[in-house]
Structures are given as structure tokens and as C-alpha cells.
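First comes the structure, then the notes that go with it.
The values are calculated or read from the model by the stated rules, or taken from the named source; none is laboratory data. Worth saying up front: this structure is predicted, and the values here are computed from it rather than measured. Note that we place each Cβ from the backbone using ideal geometry, even for glycine, and neighbour counts take in every protein chain shown.
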Amino acid sequence: MRNKLQRLAGATVLAATLAGGIAHASPITFAVQVWTASTPGATSTSASQQATPDNPIAQNANLATSFSFAGLPDWNNPAHSANTFTDFVVPSTAIQNQVFFGTYATTQNFVLSTSNFSSVSLFELSFTTTANLSGTIQHDDGLSIWNSINSVEYVNSAAPTNEIGTPFSLGPGSYNLWYVEANGAPAVLKFNVPEPGSLLVLGTGLIGLGLVLRRSRKDRVIG
């Protein structure tokens, strides 16, 4: 019994050591651009309401702000809140190098979208990952992920929806994530990515347990 416990303890210590090294890897840095525009007469199927790189509002005249931040988006603006950029992004993000453009340079708290698809905001989040990145992105409204030159689409959930979770799995590389906020609050963009260390501890623990049980069965047969 002592040998079994010793083997399990050794596996746990090894897993914790390795997990600590992975969990403290450098966070991903996102470079973000946001366009916003009035879209009178639009519907949920209009091109201006889609989270895609060919959305027609993505032009210089509609550019509202650009900024960068390190980490994963955890942005949530409930339906009962004012549907503004500040309420959506700022509470959970340490924004760096932010620039406002046009009329938004004075307001700095523009409304992301209004009901009946009469105005909309489009986000482009450009990032590079040096390791595999997978999980689920919770979003309301549309979302898509493309390569860095927007020629290959990896995730397509581009049309406005109720809040849903869209799974994704990306290898090392550079990507553009497109997110659209349409038809008023709520607004949600949240990455749910399993902690690498937790997965490693679980996997190593299961392997260690399997080895212990296998050795135990062999001991009983020999005995």
C-alpha cells in the first residue's frame, strides 16, 4: 500500500511541476480595431450585420477605436446595461495604446448597437498563438475566425444570434477574430479555454492511477 501511495504522490508532484510551467506561459496579445456605423433599414441577414472581414462598415470613415490588450476576452454587457463600448470592454480588460477616431475621440463611450439593426459595431481581434488553442467562445452576436490575411475561415458563426457557445480549435499561427455587436444589448464575447495545467494534472493523475492499478493486479496474480 505504501508503494502505491508513493507512486501516486510522485505522479502528482511531477504533474504539478509541469503544469506550473505551462500555466505561467505568456498571455496572448490582441490588437483590436472597432468600426461602428448607422445601418438604417438593415435586417439580420444584411451584410452590415455579419461578423466577417467583408462587412461593408469596415472602412476608415467608420473606425471608432483601436487598442491592444493581453489575455483572453471576457467581455459581457447584460441586457439591462447601457450598450456602450466602455461598459462592454473596459471592466474586464486592461486596454493599452488606445486611440479614438472621428467623433468618438470626444465621446469615447459610443453605443455599440441599437435595436432593429439600425446601428452596429464590428470588432477585429488580431492575435498570434505559439501553442494549440482550443475551447469554446461564448458570444452574442456573430463570430468568425480567419487566418491573418482573411483568406481561410476556421470558425463560422457569423450571423447575429442569441447567446451561444461556439467551439474552436487552432494550431500555432496568426489569426483574425471577427465579432459583430448588433440589434442592441446584450453583448457577450468570452473565451472559455481549459487551464492547460489542470488538464495536464488530470491526465497525468489518470495515467498514474492506471499504472498503480495495473501493478496491483499483477501483485495479486503473483501472490
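Test of understanding: among Asn97, Asn116, which residue is touching a residue at least 60 places away in the same chain (Cβ under 8 Å) and either farther than 26 Å from Val155 by Cβ or in a helix (DSSP H, G or I) (or both)?
Matching residue, one of Asn97, Asn116: Asn116.
What pairs come out if I take residues in segment 53-64 that are under 8 Å from Val34 (Cα atoms) and pair them with residues that are surrounded by 14 or more Cβ atoms within 10 Å (Cβ to Cβ) and hydroxyl-bearing (Ser, Thr, Tyr) whose C-beta lies under 6 Å away, six or more apart or interchain?
Going by the 6 Å Cβ cut-off, the qualifying pairs are Ala64/Thr36; Ala64/Tyr104.
Listed residues Ala51, Ala42; which is under 23 Å from the mean Cα position of the chain (by Cα), assigned by TED's automatic domain parsing to the domain that holds Leu189, closer than 19 Å to Gly184 by Cα and not in a helix (DSSP H, G or I)?
Every option except Ala51 fails the conditions.
Would a scan of segment 63-84 turn up a residue that is more than 21 Å from Asp140 (Cα to Cα) and surrounded by fewer than 14 Cβ atoms within 10 Å (Cβ to Cβ)?
yes
Identify, from the list Thr166, Thr161, Thr128, Thr114, the residue that is within 22 Å of Ala64 (Cα to Cα), in the same structural domain as Thr43 (by TED's automatic domain parsing) and not hydrophobic (A, V, I, L, M, F, W, C).
Thr114 is the lone residue from the list that is within 22 Å of Ala64 (Cα to Cα), in the same structural domain as Thr43 (by TED's automatic domain parsing) and not hydrophobic (A, V, I, L, M, F, W, C).
Run down Asn162, Asn156 and say which single residue is modelled with pLDDT under 95 and either farther than 22 Å from Leu63 by Cα or buried (at least 20 other Cβ atoms within 10 Å of the Cβ) (or both).
Step by step, each of Asn162, Asn156 is checked, and only Asn162 is modelled with pLDDT under 95 and either farther than 22 Å from Leu63 by Cα or buried (at least 20 other Cβ atoms within 10 Å of the Cβ) (or both).
Only residues that are assigned to a strand (DSSP E or B), of a type in the set (Val, Ile, Thr) and over 9 Å from Tyr175 (Cβ atoms): list them for segment 142-158, please.
Residue satisfying the conditions is Val155 alone.
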